[in-house]
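A short worksheet on the structure shown next.
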Amino acid sequence: MSRSTVVSGLHQVPGDKSITHRALMLAALAPGRSTVAGALTSLDARSTASVLRQLGAEISPLRPGQQVEIRGHRRLTAPRSTLHCGNSGTTARLVLGILAAHPFAARLSGDASLRRRPMRRVTEPLQRMGASVVAGAGDGLPLTLTGGRLNPLHWTLPVASAQIKSALLLAGAIGGVTVDLIEPALSRDHTERLLAHFGYRLHRRGNLLHLEPAGVIGHFTTRIPGDPSSAIFLVAAAILAKRGEIRISDVGLNPTRTGFLAILARMGATVDATHQGESLGEPYGELVARPAALRGVVVSAEESAGIIDEIPMLAALASRAEGTSRFEGLAELRVKESDRLQLMAQNLNAVGASAEVRGDALEVTGRLGAYHGRVVTLGDHRIAMAFSVLGSQPGSDIRIDDPGCAAVSFPGFAERLAALFQPAGRRS
Ligand code: S3P
């Protein structure tokens, strides 16, 4: 049997990207010394750390296996130069919210991919709160935001986005004003959980979210759970294997992040999730995944906000399922690190699968047999990882133009994927 048809072992994935960004930001705003264990040390997390250092926080280097120590201050200080957010939309958008409550000007920029991504969805409501923004002709970075005293906000989010929601909640929490948001669908709620931990009062009624700025951010010690959006790549490799079973421990099990488990179950793959504990209001536990014969699935637009980062891998899995799958309501995928909707379809077709974009939906028809071809990532980490998993199939020969871009969210991805297929004694 080929090496890559049997999986085994107990594995781990790097810390959750969304929670790492938020923990570093809140620690930078907490007077005293905070300690964050299990933080993601990827390029995106480093972008947040370096921006926060430019704003006056002292943050120890982000190194795998080491805890991060942060010395924060109740208020950030004006940066001396442009804040470079790298490839990270979460860094740019959440920092904009924080800066809106600070009385100084700061210029933000990023890499070519980030400079193309829409920012008005965040700056417009922040301007409504009282911040002033000077931007170029387009909708992206670079831009300069000057914050100060803020007004309360009532705002309807144009799209379900945790980044927009979090920027506005952070502005309200730090600026000391109430925020009322109407969300088209529930997006990940890490910011709400963290702010609630510090005494902020958050009430949700249906799609309406209300923040009372009653809390105080104090220094803290925490451990970040593993990222479910990284775990899905290992889970998918196990599902596509012929035999065996893998376990992944300490994975975040926040229900606003685990929607992919229900989709996988509908596709015929049961992944067991067992609760192990809770850290700063975030549940975590163990995932157990094993090989399964997949069938096509229909994913509705309402479900897409809860699986937005998992769609590349789910769509790649759909190409190995019996029948046609349809993923609806994917307009937001067009403004991720790449136009993921277009790029997934293009790459699936390039390796011999069958995919078509229909409006904002992606249709993928499953096919067995080996895949061959060249994948264009445009530097998008999740595209690189989804096709690496397909490429781990026996007989497949998939060449990825930039496999190293996985380091944006998953340092050491190639080694962790290979480790699934190694007998226990040889695992690194
Ligand atoms: C994130 C929210 C999502 C997600 C991104 C991380 C966050 O983006 O795609 O990877 O940490 O808030 P949107 O809010 O733009 O959907």
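The values are calculated or read from the model by the stated rules, or taken from the named source; none is laboratory data. Quantities reported herein were computed from a predicted structural model and do not represent experimental measurements. Cβ sites come from the backbone with ideal geometry, for glycine too, and all protein chains shown count toward neighbours. Areas reflect the complete protein model, heavy atoms only, side chains present, ligands, DNA and RNA absent. Shrake-Rupley method; radii C 1.70, N 1.55, O 1.52, S 1.80 Å.
Points to keep in mind about this one:
- Restriction of the trypsin sites (Lys or Arg not before Pro) in the range 38-147 to DSSP coil positions whose beta-carbon has at most 11 other beta-carbons within 10 angstrom yields 74, 80.
- Shape call, the range 88-232: gyration tensor on alpha carbons, a/c limit 1.5: rounded
- Lys, Arg +1 and Asp, Glu -1 on Cβ, resulting dipole of the chain about Cα centre, debye, nearest 20: 660 debye
- Accessible area of the range 1-160 divided out per residue, in Å², using a probe of 1.4 angstrom: 39 Å²
- Local net charge near residue 325, Cβ-Cβ under 14 Å (Lys/Arg +1, Asp/Glu -1): 0
- Computed label-point distance, nm, for sites residue 216 and residue 139 using a 7 Å Cα→Cβ extension: 4.2 nm
- In the complete set of protein chains, residue-level accessible area for residue 139 is approximately 60 Å², probe 1.4 angstrom.
- Using the 1.4 Å probe convention, the accessible area of the range 193-308 works out to 40 Å² per residue with neighbouring protein chains retained.
- Each Lys or Arg adds one and each Asp or Glu subtracts one; over the other residues with Cβ under 13 Å from the Cβ of residue 58, this totals +2.
- Charge tally in the Cβ shell below 13 Å around residue 388, where Lys, Arg are +1 and Asp, Glu are -1, residue 388 excluded: -2
- Kirkwood radius, the range 187-234, all distinct C-alpha pairs, inverse of mean reciprocal distance: 12.8 Å.
- Distance between the range 173-222 and the range 308-367 - C-alpha centres, whole angstrom: 33 Å
- In the context of the full set of protein chains, residues of the range 327-428 present 39 Å² of accessible surface per residue (probe radius 1.4 Å, heavy atoms only).
- Label-reachable residues, the range 300-317, where backbone N falls under 18 Å from a point 7 Å from residue 342's Cα toward its Cβ: 312
- Calculated log₁₀ intensity ratio I(q)/I(0) where the Debye formula runs over C-alpha points of the range 163-313, q = 0.14 Å⁻¹: -0.76
- Alpha-carbon Rg/Rh ratio, for the chain, with Rh computed the Kirkwood way: 0.96
- Relative contact order of the chain, pairs being alpha-carbon contacts under 8 Å that are 6 or more residues apart, as %: 15 percent
- Using C-alpha pairs below 8 Å separated by at least 6 residues, the relative contact order for the range 165-303 is 22 percent.
- The spread of Cα positions in the range 268-410, taken along each principal axis and listed from longest to shortest, comes to 43, 32, 32 Å.
- Per-pair calculated FRET efficiency, R0 = 30 Å: residue 276 and residue 242 via Cβ, rounded to 0.05: 0.55
- Ranking 264, 406, 384 by how far each Cα lies toward the positive end of the dipole of the chain (charges on Cβ) leaves 406 at the top.
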